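First comes the structure, then the notes that go with it.
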Protein chains: 2
Amino acid sequence: MKEESKPTIKPVQKESMVDQVEKNLRIYFKDHGFKPGDALPTEMELAESMNVSRNVIREALSRFRMLGLISSNKRKGIQLIKFNLFSALERVLDPSVLDKSTLHELFELRIMLEIGMANALFRNVTPDDIFKLKEIIHSYEGNDGSKNKIDYEISFHSYLYKVSKNETLYGFQKYLKIVFDYVLEIESQTEMHKIPPKKVDHMQLVECLENGTVSEFQELMHQHFSTYFEMDFFKRNH
Amino acid sequence: MKEESKPTIKPVQKESMVDQVEKNLRIYFKDHGFKPGDALPTEMELAESMNVSRNVIREALSRFRMLGLISSNKRKGIQLIKFNLFSALERVLDPSVLDKSTLHELFELRIMLEIGMANALFRNVTPDDIFKLKEIIHSYEGNDGSKNKIDYEISFHSYLYKVSKNETLYGFQKYLKIVFDYVLEIESQTEMHKIPPKKVDHMQLVECLENGTVSEFQELMHQHFSTYFEMDFFKRNH
DNA sequence: ATTGTCGTTTTGTAGGACAAATGTAATAAA
DNA sequence: TTTATTACATTTGTCCTACAAAACGACAAT
């Protein structure tokens, strides 16, 4: 008798008013077809029209503020900002909340992207880009402090992302930093002789981008990163 | 005279207390080495120790709540939850806040990923995976309603993501749906004769995965998607 | 034409109040 | 002694009021 009265137990977690307001606002933004720069109603107006206190509204708006979806000033009120996927991710994803396995996977993702973006690179690359890339490489030559190395790696790979002409992807460079820090930290904890040398360096990549083919580039990029997969650390975790 | 008087103007935007508290808490979480399930101090304690009002604390906590980083109950207080990157993304990224150009870029990103993940696919694929993939293809044969097509496309490509054994990437299928809907919507708005037929179908991809090489697969995948780049719509927006 | 002053509006922050949930201790009942 | 009930205390969730700070408009002063 008793068991049939609760066939599927519903957690029945009432949604908080803040969550509801958040949803409401998302719908509101969409339906209202807001353009970046448009002003929202004031907090009081929102509160009255949704029949909640200004506090609740503010807690919901605080979330959008974190995402960089809105900005607000005294007296000016609240405006919508052009939403950028990866700048939002950047705000949301602090490396400190990412655990090792997630970082590991992000590193793998990064490799996939850099191999996969080869087509876009060859489609958009200009002689000027080639020049800039070589400049980046030359400016690092000789220098080999580990601090400089991170900056160098980041500036080189960031530039590739830029050449792809995909802004969303370009925003990914924030992750780049996270992942680089992570990988470099591992490298620093590994004895030198256990780190195999890179098989393909940046200059080879650039030269391929200048005169080679997409497939060749993809193969080179794969080899460029393959070093890491031969390290014990990366094998162990997979 | 005028132009030299403002070489670099700093906007000097003071950070709001909520932003500061958010940062503080992130550091606090990290330094304190919290485990999932651990209890945080009460809101009042946090407020007092940071010298701000409970309102400010709550606005900051509201952000973490959106990310699924904490959960709170009356009397029980606030606990940390195990952070999951993509459950956070799902909360944060409502398709409704993505505009067309972002969707367009996401589509491009998707292609990059599917080309770039070839190495991971060949590394991890099993005979059983091949079988499952062929099964998916066969189950669609004959069927050609546009509704079914989306499901079919999603189930096929999702399975590829799954084979990559990268959970973070697998979480991307949430986006897949968004992007597919977007692309299919475009297709439906385009006259039939203007949609070039796919040059490479799913079966060719699977057969390559079974017997071919990484490079071949990448080339096939590129051709698989190249159809879209020949459509006016995609040319126009780039 | 630039600068300064005075209202006004709106966000940012503080703090008080109370209901609801929930865990704890005390008490009554078996 | 064990179990059920009751009363109490704590903490979040929500509402409310208040006021400072910034931004804007209008208008005056130099």
Failed condition for B:Asp128, given (1) modelled with pLDDT under 95; (2) more than 8 Å from every other protein chain (Cβ to nearest Cβ): (1)
Select, from A:Leu93, A:Leu121, A:Leu98, the only residue that is under 25 Å from B:Ser96 (Cα atoms) and of a type outside the set (Val, Ile, Thr). A:Leu93
Spot the failing condition for B:Glu15; the list is (1) within 11 Å of DNA strand C (Cβ to nearest atom); (2) modelled with pLDDT of 95 or more; (3) within 30 Å of A:Leu169 (Cβ to Cβ), and only one is missed. (2)
Identify, by number, the condition in (1) within 12 Å of DNA strand C (Cβ to nearest atom); (2) under 27 Å from the mean Cα position of the chain (by Cα); (3) β-branched (Val, Ile, Thr) that B:Ile81 doesn't meet. (1)
Residue list for segment B:49-80, filter: in contact with a Ser or Thr (Cβ under 8 Å, 6 or more places away or on another chain), closer than 23 Å to B:Lys35 by Cβ and touching a residue at least 40 places away in the same chain (Cβ under 8 Å): B:Ala60, B:Arg63, B:Gln79
How many residues are in contact with a helix residue (DSSP H, G or I) (Cβ under 8 Å, 6 or more places away or on another chain), more than 16 Å from B:Asn24 (Cβ to Cβ) and within 6 Å of DNA strand D (Cβ to nearest atom) when one looks only at segment B:64-80? 1
Matching residues in segment A:21-38 - criterion: being more than 20 Å from B:Ile57 (Cα to Cα) and either of a type outside the set (D, E, K, R) or away from chain B (no Cβ under 11 Å) (or both): A:Asn24, A:Leu25, A:Ile27, A:Tyr28, A:Phe29, A:His32, A:Gly33, A:Phe34, A:Pro36, A:Gly37, A:Asp38
If we scan segment A:138-149, do we find a residue that is buried (at least 18 other Cβ atoms within 10 Å of the Cβ), assigned to a loop (DSSP other than H, G, I, E, B) and small (Gly, Ala, Ser)? no
Taking segment B:36-48, which residues are more than 7 Å from DNA strand D (Cβ to nearest atom), touching a residue at least 24 places away in the same chain (Cβ under 8 Å) and acidic (Asp, Glu)? B:Asp38
So, of the residues in segment A:198-238 that are part of a loop (DSSP other than H, G, I, E, B) and within 12 Å of chain B (Cβ to nearest Cβ), which turns out to be modelled with the lowest pLDDT? A:His238
Evaluate the following for A:Val56: is it modelled with pLDDT under 90, within 11 Å of chain B (Cβ to nearest Cβ) and buried (at least 17 other Cβ atoms within 10 Å of the Cβ)? no
Which of (1) touching a helix residue (DSSP H, G or I) at 6+ places or on another chain (Cβ under 8 Å); (2) surrounded by fewer than 20 Cβ atoms within 10 Å (Cβ to Cβ) does A:Arg123 not meet, given it meets every other one? (1)
Looking at (1) within 15 Å of DNA strand C (Cβ to nearest atom); (2) of a type in the set (Asp, Glu); (3) within 10 Å of chain B (Cβ to nearest Cβ), which is the one condition that is false for A:Glu48? (3)
With the checklist (1) loosely packed, with under 15 Cβ neighbours inside 10 Å; (2) facing chain B (nearest Cβ under 10 Å) in hand, flag the one item A:Pro41 doesn't pass. (2)
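Condition check ((1) in the same structural domain as B:Val200 (by TED's automatic domain parsing); (2) under 30 Å from A:Asp99 (Cβ atoms)) across all residues:
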site	(1), (2)
B:Ala88	no, yes
B:Met112	yes, yes
B:Gly116	yes, yes
B:Tyr140	yes, no
B:Ile154	yes, yes
B:His157	yes, yes
B:Asn166	yes, yes
B:Gln173	yes, yes
B:Glu187	yes, no
Some residue of segment A:177-186 being facing chain B (nearest Cβ under 10 Å), under 26 Å from B:Phe83 (Cβ atoms) and without any contact (Cβ under 8 Å) to a residue 60 or more places away in the chain: no
Restricting segment A:66-86 to residues that are under 27 Å from A:Tyr161 (Cα atoms) and either among the small types (Gly, Ala, Ser) or out of contact with any Phe, Trp or Tyr (no Cβ under 9 Å at 6 or more places or on another chain) (or both), the residue that is surrounded by the most Cβ atoms within 10 Å (Cβ to Cβ): A:Leu85
Selection count where residues are over 20 Å from A:Glu90 (Cα atoms) and either at the interface with chain A (Cβ under 9 Å from one of its Cβ atoms) or not in a helix (DSSP H, G or I) (or both), scope segment B:65-103: 11
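The values are calculated or read from the model by the stated rules, or taken from the named source; none is laboratory data. As the structure is a computational prediction, the values presented were derived from the model and not from experiment. Heads up, the Cβs are rebuilt from the backbone with ideal geometry, glycines too, and the neighbour counts pull from every protein chain shown.
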